[in-house]
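Derivation of every value follows stated rules applied to the coordinates shown; laboratory data play no part. What you are looking at is a predicted structure, and each value in this text was computed from that prediction instead of being measured. In this analysis, Cβ positions are derived from the backbone assuming ideal geometry, glycine residues included, and neighbour counts consider all displayed protein chains.
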Amino acid sequence: MPVPDVIKLFACALLAVSLPAAACDYPDEGNMPLRRAVSRVKFLPQTEAWAVEMHKAGAVVQYALSLDREWHSAGRCYWTVEARAHGQTWRRFYVAPDGRTVLSEDGRPAAGAPRKATRSAAATPAAR
């Protein structure tokens with residue numbers, strides 16, 4: 001016996017509602033993760049240089065953090081932070097909620113952002 005379309009539609013709706021949201025985990029640190037994300041973008045060398053130029057031109061520089069515009073890459077979730085002036089977005093960055101990773105619009109590590117520490121090769125005695 002075929003299943004009526006109404007039951008199929010109800011089943012699809014129920015499935016969609018029951019799926020967990022793919023939102024970034026919010027660290028339990030009050031508003032610190034929000035301030036940290038904006039600061040990580042604000043104090044990048046290229047952002048600081050751009051902001052100085054904008055201030056000289058009389059523009060107000062703004063940083064907008066959008067929690068509802070998350071970005072996912074390589075299994076990680078990132079918040080979107082935009083640097084703006086004159087009512088236009090200059091650049092968009094993606095910051096991990098823990099603040100450890102800052103990516104540029106192309107998904108590469110932002111220039112000037114601290115990189116993950118890696119272990120160096122084992123030390124060998126110097127030749128005598």
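Overview of results
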| item | result |
| --- | --- |
| Under the Karplus curve 6.51 cos²θ - 1.76 cosθ + 1.60, θ = phi - 60°, whole-Hz ³J(HN,Hα) for segment 85-96, x wherever Gly or Pro sits | 7, 6, x, 10, 7, 7, 8, 10, 10, 10, 10, 5 |
| Cut-off under 5 Å, modelled amide H: who pairs with E105 long-range | R92 |
| Per-pair calculated FRET efficiency, R0 = 41 Å: R76 and V52 via Cβ, rounded to 0.05 | 0.85 |
